[in-house]
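The values are calculated or read from the model by the stated rules, or taken from the named source; none is laboratory data. Owing to the predicted nature of the structure, the values given are computational and were not obtained by experimental measurement. Cβ sites come from the backbone with ideal geometry, for glycine too, and all protein chains shown count toward neighbours.
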């Protein structure tokens, strides 16, 4: 068992897990502007410099938060063999993560260097699956991920309205049918 690191202003040191939990709470409460290393240190009762033993910088903190929040998106839930079904399952879990922690999504948008780790793995997995469905996997990946972002952020602002969750699933199914229909009909892509 490792000893918590960080120079406390009072009390015990801090762990990486403590930092990520407090940082996510700060983001959820006050948005991206509320998450500063100073505010995080105050929340944890440590000096700001002690945080850098655990995370390199704010972008590193956002990457670690994203990895934590989005880890469940790629979890294998029953070994789906149909690429379309797996795309749907991944996107629904991603949409749910975006709606639960919308401020994290917005902070990542504002800090491009924070896009790495699990979010990059999600993107790569979706691209590979869509390559089995369509000749334009990058185009459809961008359409579907942007749809998940927009719908997830809308759901967050509507405080989890279950009607919006069902609308997202219906719209996602329609988009996936269009993706399939374009391939089957051999329509040219724009």
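Evaluate the following for residue 97: is it modelled with pLDDT of 90 or more, farther than 26 Å from residue 27 by Cβ and part of a helix (DSSP H, G or I)?
Details: modelled with pLDDT of 90 or more: yes; farther than 26 Å from residue 27 by Cβ: no; part of a helix (DSSP H, G or I): yes.
No: the conditions fail for residue 97.
Answer yes if at least one residue in segment 88-101 is closer than 19 Å to residue 23 by Cβ, surrounded by fewer than 18 Cβ atoms within 10 Å (Cβ to Cβ) and either in contact (Cβ under 8 Å) with a residue 24 or more places away in the chain or out of contact with any strand residue (DSSP E or B) (no Cβ under 8 Å at 6 or more places or on another chain) (or both), and no otherwise.
yes
Name the residue, out of 126, 155, 164, that is closer than 27 Å to residue 27 by Cβ, touching a helix residue (DSSP H, G or I) at 6+ places or on another chain (Cβ under 6 Å), assigned to a helix (DSSP H, G or I) and without any contact (Cβ under 8 Å) to a residue 24 or more places away in the chain. Don't jump to the end; show me each part of the working.
On the way: 126 fails: without any contact (Cβ under 8 Å) to a residue 24 or more places away in the chain; 155 fails: without any contact (Cβ under 8 Å) to a residue 24 or more places away in the chain.
The unique qualifying residue is 164.
Given (1) at pLDDT 90 or above; (2) buried (at least 17 other Cβ atoms within 10 Å of the Cβ), where does residue 173 come up short, assuming only one miss?
Going through the list (1) at pLDDT 90 or above; (2) buried (at least 17 other Cβ atoms within 10 Å of the Cβ), residue 173 breaks only (2).
Those residues that are more than 23 Å from residue 119 (Cα to Cα) and without any contact (Cβ under 8 Å) to a residue 24 or more places away in the chain, I need them from segment 43-61; list them, please.
Correct list: 43, 48.
Scan segment 104-111 and tell me whether some residue there is surrounded by 15 or more Cβ atoms within 10 Å (Cβ to Cβ), assigned to a loop (DSSP other than H, G, I, E, B) and either touching a helix residue (DSSP H, G or I) at 6+ places or on another chain (Cβ under 7 Å) or at pLDDT 90 or above (or both).
At the first step, the residues of segment 104-111 found to be surrounded by 15 or more Cβ atoms within 10 Å (Cβ to Cβ) are 104-108, 111.
With the extra rule that they be assigned to a loop (DSSP other than H, G, I, E, B), the set shrinks to 111.
Subset that is either touching a helix residue (DSSP H, G or I) at 6+ places or on another chain (Cβ under 7 Å) or at pLDDT 90 or above (or both): 111.
Looking for residues that are surrounded by 15 or more Cβ atoms within 10 Å (Cβ to Cβ), assigned to a loop (DSSP other than H, G, I, E, B) and either touching a helix residue (DSSP H, G or I) at 6+ places or on another chain (Cβ under 7 Å) or at pLDDT 90 or above (or both), one finds at least one in segment 104-111, hence yes.
From the residues in segment 129-142 that are surrounded by 15 or more Cβ atoms within 10 Å (Cβ to Cβ) and touching a residue at least 12 places away in the same chain (Cβ under 8 Å), which one is nearest to residue 63 (Cα to Cα)?
Here the answer is 141.
Condition first: surrounded by fewer than 16 Cβ atoms within 10 Å (Cβ to Cβ) and modelled with pLDDT of 80 or more. Now tell me which residues in segment 176-190 satisfy that. If you could, list the steps in order and put the result at the bottom.
Here is the first cut: in segment 176-190, the ones surrounded by fewer than 16 Cβ atoms within 10 Å (Cβ to Cβ) are 177-178, 180-181, 183-190.
177, 178 - these are the residues of segment 176-190 that are surrounded by fewer than 16 Cβ atoms within 10 Å (Cβ to Cβ) and modelled with pLDDT of 80 or more.
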